[in-house]
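Worksheet: one structure, shown below.
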């Protein structure tokens, strides 16, 4: 009997091992659609039932916001996301359009249809550039 067999009770030859399973595929990145200020204004002017969510600080919202926008500060979105209907288009809007991309992706990850979730391109800065202060409601 060989030395290895005495120590471990196994033969010196090793049995082939099964190949490890392939790694799980990476999930597809979430794609968020942006909407331009002009396209959003056209939809609002047409009476489309689109919900605009202003994610800025309360004082920023009260100093001027897109007409009809709902105020929902970014940190409130996880707790309040069920206030947003899944059967209507939702446009997130922040100051420059970066944070609204994250909020849009968050809703999509949590079951909202990506085709109904948008981020306002350029954010409030883009809206004001396109329509000036007259395009805001106080």
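Residues of the stretch 121-138 being assigned to a loop (DSSP other than H, G, I, E, B) and either in contact with a helix residue (DSSP H, G or I) (Cβ under 6 Å, 6 or more places away or on another chain) or surrounded by fewer than 18 Cβ atoms within 10 Å (Cβ to Cβ) (or both), which ones?
132, 136, 138
On the basis of being within 20 Å of the chain's Cα centre (by Cα) and part of a strand (DSSP E or B), does residue 118 make the cut?
yes
Got at least one residue in the stretch 21-40 being under 19 Å from residue 134 (Cα atoms), crowded, with 17+ Cβ neighbours inside 10 Å and touching a strand residue (DSSP E or B) at 6+ places or on another chain (Cβ under 8 Å)?
Yes, that holds for at least one residue.
Quick grid of which residues meet (1) in contact (Cβ under 8 Å) with a residue 24 or more places away in the chain; (2) surrounded by 17 or more Cβ atoms within 10 Å (Cβ to Cβ); (3) within 17 Å of residue 133 (Cα to Cα):
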{"position": "54", "(1), (2), (3)": "yes, yes, yes"}
{"position": "57", "(1), (2), (3)": "no, no, no"}
{"position": "61", "(1), (2), (3)": "no, yes, yes"}
{"position": "67", "(1), (2), (3)": "yes, no, yes"}
{"position": "73", "(1), (2), (3)": "no, no, no"}
{"position": "79", "(1), (2), (3)": "no, no, no"}
{"position": "86", "(1), (2), (3)": "yes, no, no"}
{"position": "94", "(1), (2), (3)": "yes, yes, yes"}
{"position": "97", "(1), (2), (3)": "yes, yes, no"}
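Would you mind listing the helices (runs of 4 or more DSSP H) fully within the stretch 51-112 where at least 2 residues are touching a strand residue (DSSP E or B) at 6+ places or on another chain (Cβ under 6 Å)?
Output list reads 99-109.
Each value in this text was obtained by applying a stated rule to the coordinates, not by laboratory testing. Nothing here was measured: the structure is a model prediction, and the numbers come from that model. Positions of Cβ are generated from backbone atoms using ideal geometry, with glycine treated the same way; all protein chains shown enter the neighbour counts.
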